[in-house]
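Taking it in order: structure first as C-alpha cells, then the write-up.
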There are 2 protein chains.
Amino acid sequence: MPARGSARAGFIGLGVMGRPMARHLLEAGFAVTVHSRSRGPVEELVAAGATDGGSPGGVGAASDVVILMLPDPPDVHAVIFDEGLAAALAPGSVIVDMSTGDPMLAREWAATLAERGIDLLDAPVSGGDVGARERTLSIMVGGRAEALERARPLLDAMGRRVVHVGDSGAGMITKACNQLVVASTIQAVGEALVLAAAAGVSPARVREALLGGFAASRVLEVHGRRMLDANYVPGGRVALHRKDARIISRLARKLGVVTPAFDIVADALESLADEGGGDLDHSALVTLIEAESGVLVADRAQAQEE
Amino acid sequence: MPARGSARAGFIGLGVMGRPMARHLLEAGFAVTVHSRSRGPVEELVAAGATDGGSPGGVGAASDVVILMLPDPPDVHAVIFDEGLAAALAPGSVIVDMSTGDPMLAREWAATLAERGIDLLDAPVSGGDVGARERTLSIMVGGRAEALERARPLLDAMGRRVVHVGDSGAGMITKACNQLVVASTIQAVGEALVLAAAAGVSPARVREALLGGFAASRVLEVHGRRMLDANYVPGGRVALHRKDARIISRLARKLGVVTPAFDIVADALESLADEGGGDLDHSALVTLIEAESGVLVADRAQAQEE
C-alpha cells in the first residue's frame, strides 16, 4: 500500500499504547520511522515494515509529523528538547504529543517550538489500551487548525473520533476533564454497588438495571463489570490516574475552580496508591469503599448468582 | 384491540409520569380503571378508553393488577391502607408501586399485604417523563417472581427494560443506587465543564470529545447539554432528588456503608433546594459550582461557538 499524502510519519514511544497505534499507521500505508527506549518493540515494528530511526533526532530527520506516546511530561520534554527531535525537524513540521500531560507545559513548549516554525499539538486520548488496539480511541486536540489538518490523516488512522477542542493546551485540559469525570464516575458506581451488596441486592442485577436508565455510562459497563469480578488487572492504572488527578487539582486551584466531589476521589486515589495499589486498575477505588463498609461486591455478586 | 391475558389493570396517580404510562396500557389493549386526585387527567384517560374507578377502592374492586405512580411514600400508604385499595382487592391481586420510595417501608408494607394474599411489587423507574412518554423506562422490580409474572405484560407495555432485582425492597434499593449514580455523575460533569470554561476551552467541544471515551454517559449527553444551554426546566426536579438523597443517606447509614463522594453531592442538593432551586432540573447542581468558581458554562459555550 502506498503512503497516503506526503506526510512521512515518525513515532516515538512504543509502549502498551504506542505499539498498536504505530501498527495502525503502517496498516494505513504510512511510511513510519520509529524509536523507543526498549529494543524489543522497535524490532517488532521494523519487522512489520517500519524504519528504525535510532534516536529521537533520527526520527526527526526522517519525518514531517512525529507522534509521541510517552509516559510522563519529563520524558516528552527530554525527547523534544534534549534528545534532538526539535533540532532535527524542518520548519513546517508537526509534533503530536498524545501522552497525558500538564496543559501549562503544553502551552509553554508550543510557544518555544513555534519560534522554530514547528507546531506542537497536544492530543491526548481516551479509550485505553483496548481503544489503541481496536482503533476506537477518542483524540482531543489542542493547537493550530492548520497543523491539525497536516496530522489528521495519521490521527484518523489511530482513533475513531478526533475533536479539535481549541488552542495549545486545550487537548490536555479536555483530557483533565475526562479524567475527572472518569474517576468520579468510578467512585459513584463503586459506592452504589457496595450499597446494593450491603442491602442484600445482587450488584450484578443492579448494574444491569442501571444500564437501562440515566445512570448508564461506559464506566458502569466496563469498570462496574470489573468490580463484580474483583478484576483489577489494568486497564487504567491507579498510579497514572493519581498523576492526572494532581494535574487536575493544580489546574483547578490555579483557575479558582471548586471541584468538591472530585477532591474526595483524588484523595482516595492518593490513599490507594500509597497503600500499594498503584499498579491496580482504577476501578479498584471500590476496594476502599468495601473496606470501610465491611462488604465485598464480588462476594455478593457470586453468592446471589449461584 | 382486546385485552391481553386475563389481567384487569388499575392505575392510580395520573401525574406527569402516570398519564403517559396509563395511555400505553390502553394502547396495548388492556382494560384500565383509573383514579387520580385531579379530575382533568381522569377525564382525559376516560376519553381515551379508560374507566373512572372513582376512588382507590373503586379501582381495587375492578382490577387484578394495580399500578401506583404517586409522589411520595405517605401517598402510597394512604392509597393502599386508608383509601380502600387493599380492602377492595381480592386475594391473588398484585399492587405495583412504581413511585420511588424507602426500601424499608416497601418491605414492611409487602409483609402486611401478604397476610391478605396480596402481593406488593416495588418497581420504581428510571428515564423520567421522556422515558414515560416514549416507553423507554427502565423498571427495577423487587418482590415475588410469581407476582412479577402476573404484572409483567403491563410493565412491558410501559417500559423498555424490566429487571427483577430481588425480593421486596430490592427495586427501591436499586433505584436508590440509580439516584446515587445519577446525582454524582451530574456533579462530575458539572465540575468538568466549569473547569473547561474557566480554562478557556469550549465546554461544548469538551462534552463532544468526552462522549467518545470512558467519560461517556447518559448524564454527559442529556444533563451536560442542559448545562451548556443553562436550561434547568425539569426533567428531574432538585426537590425530588433531594428526597431520594435522604433515602440513600439513611439507607447507607443503617447499613454502615460509606458514600464519601455522594455525601458532598447530597449536601449540594440540600443547599440548592434551600436556596429556592427545588423546582429546577437536577442538572442545576452545576450552578453551585459556577457560583463558587466565578464562571458560567453557558456563557463560555456561547462565546466560543460564535
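Within the range A:53-77, the residues that satisfy the criterion of being buried (at least 17 other Cβ atoms within 10 Å of the Cβ) and more than 20 Å from A:Thr100 (Cα to Cα) are A:Gly53, A:Gly57, A:Gly58, A:Val59, A:Gly60, A:Ala61, A:Ala62, A:Ser63, A:Asp64.
Would the range A:104-113 turn up any residue that is closer than 20 Å to A:His35 by Cβ and either within 14 Å of chain B (Cβ to nearest Cβ) or touching a Ser or Thr at 6+ places or on another chain (Cβ under 7 Å) (or both)? Looking through the range A:104-113, none of the residues is closer than 20 Å to A:His35 by Cβ and either within 14 Å of chain B (Cβ to nearest Cβ) or touching a Ser or Thr at 6+ places or on another chain (Cβ under 7 Å) (or both). Set side by side, the residues A:Ile118, A:Ile173 differ, and just one is of a type outside the set (Lys, Arg) and surrounded by fewer than 24 Cβ atoms within 10 Å (Cβ to Cβ), which is A:Ile118. Out of B:Val94, B:Val182, one residue alone is more than 14 Å from the chain's Cα centre (by Cα) and either under 27 Å from B:Pro260 (Cα atoms) or of a type outside the set (Asp, Glu) (or both). It is B:Val94. Checked against (1) closer than 17 Å to A:Val206 by Cα; (2) outside any loop (DSSP other than H, G, I, E, B); (3) over 14 Å from the mean Cα position of the chain (by Cα), B:Ile139 meets all criteria but (3).
If you go through the range B:265-286 and keep only what is surrounded by 20 or more Cβ atoms within 10 Å (Cβ to Cβ) and in a helix (DSSP H, G or I), you end up with B:Val265, B:Ala266, B:Ala268, B:Leu269, B:Leu272, B:Ala273, B:Gly277, B:His282, B:Ser283, B:Ala284, B:Leu285, B:Val286. Pairs linking a residue in the range A:206-232 that is more than 12 Å from A:Ala192 (Cα to Cα) to a residue that is of a type in the set (Lys, Arg) and not in a helix (DSSP H, G or I), with Cβ atoms under 7 Å and 6 or more positions apart or on different chains, are A:Gly212/B:Arg160; A:Gly212/B:Arg161.
Of everything listed in (1) without any contact (Cβ under 8 Å) to a residue 24 or more places away in the chain; (2) surrounded by 23 or more Cβ atoms within 10 Å (Cβ to Cβ), the single unmet condition for A:Ile80 is (1).
Can you confirm whether the range B:219-236 contains a residue that is open to solvent by 50 Å² or more (accessible area, probe 1.4 Å), outside any helix (DSSP H, G or I) and either within 11 Å of another protein chain (Cβ to nearest Cβ) or aromatic (Phe, Trp, Tyr) (or both)? Checked against the condition, which is being open to solvent by 50 Å² or more (accessible area, probe 1.4 Å), outside any helix (DSSP H, G or I) and either within 11 Å of another protein chain (Cβ to nearest Cβ) or aromatic (Phe, Trp, Tyr) (or both), the range B:219-236 yields no hits at all.
Taken together, the residues in the range A:44-56 that are part of a helix (DSSP H, G or I) and either among the basic types (Lys, Arg) or farther than 17 Å from A:Leu113 by Cα (or both) amount to 4. What are the residues in the range A:182-203 that are aliphatic (A, V, I, L, M), part of a helix (DSSP H, G or I) and facing chain B (nearest Cβ under 7 Å), if any? Once the filter is applied, which keeps residues that are aliphatic (A, V, I, L, M), part of a helix (DSSP H, G or I) and facing chain B (nearest Cβ under 7 Å), the range A:182-203 yields A:Val182, A:Ala188, A:Val189, A:Ala192, A:Val194, A:Leu195, A:Ala196, A:Ala198. Against the conditions (1) more than 12 Å from every other protein chain (Cβ to nearest Cβ); (2) open to solvent by 10 Å² or more (accessible area, probe 1.4 Å); (3) within 26 Å of B:Ala245 (Cα to Cα), B:Gly101 satisfies every one except (2). A:Asp299 meets each of the listed conditions (1) crowded, with 20+ Cβ neighbours inside 10 Å; (2) assigned to a helix (DSSP H, G or I) apart from (1).
For every residue, the table says whether it meets (1) part of a strand (DSSP E or B); (2) under 22 Å from A:Glu149 (Cα atoms); (3) in contact with a Lys or Arg (Cβ under 8 Å, 6 or more places away or on another chain).
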residue: A:Gly15; (1), (2), (3): no, no, no
residue: A:Arg19; (1), (2), (3): no, no, no
residue: A:Leu26; (1), (2), (3): no, yes, no
residue: A:Phe30; (1), (2), (3): no, yes, yes
residue: A:Arg37; (1), (2), (3): no, no, no
residue: A:Val42; (1), (2), (3): no, no, no
residue: A:Gly58; (1), (2), (3): no, no, no
residue: A:Pro74; (1), (2), (3): no, no, no
residue: A:Ala86; (1), (2), (3): no, yes, yes
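Evaluation of B:Ser36 against the conditions (1) under 28 Å from B:Val238 (Cα atoms); (2) out of contact with any helix residue (DSSP H, G or I) (no Cβ under 6 Å at 6 or more places or on another chain); (3) among the small types (Gly, Ala, Ser) shows that the sole unmet condition is (2).
Conditions (1) touching a Ser or Thr at 6+ places or on another chain (Cβ under 9 Å); (2) at the interface with another protein chain (Cβ under 7 Å from one of its Cβ atoms); (3) crowded, with 24+ Cβ neighbours inside 10 Å, marked per residue:
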position: B:Val141; (1), (2), (3): yes, no, yes
position: B:Ala151; (1), (2), (3): no, no, yes
position: B:Asn178; (1), (2), (3): yes, yes, yes
position: B:Arg205; (1), (2), (3): yes, yes, no
position: B:Ser217; (1), (2), (3): yes, yes, yes
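The values are calculated or read from the model by the stated rules, or taken from the named source; none is laboratory data. Everything quoted here is computed from the prediction, not taken from an experiment. Heads up, the Cβs are rebuilt from the backbone with ideal geometry, glycines too, and the neighbour counts pull from every protein chain shown. In case anyone asks, the SASA skips ligands and DNA or RNA and just uses the protein heavy atoms, side chains included. Shrake-Rupley method; radii C 1.70, N 1.55, O 1.52, S 1.80 Å.
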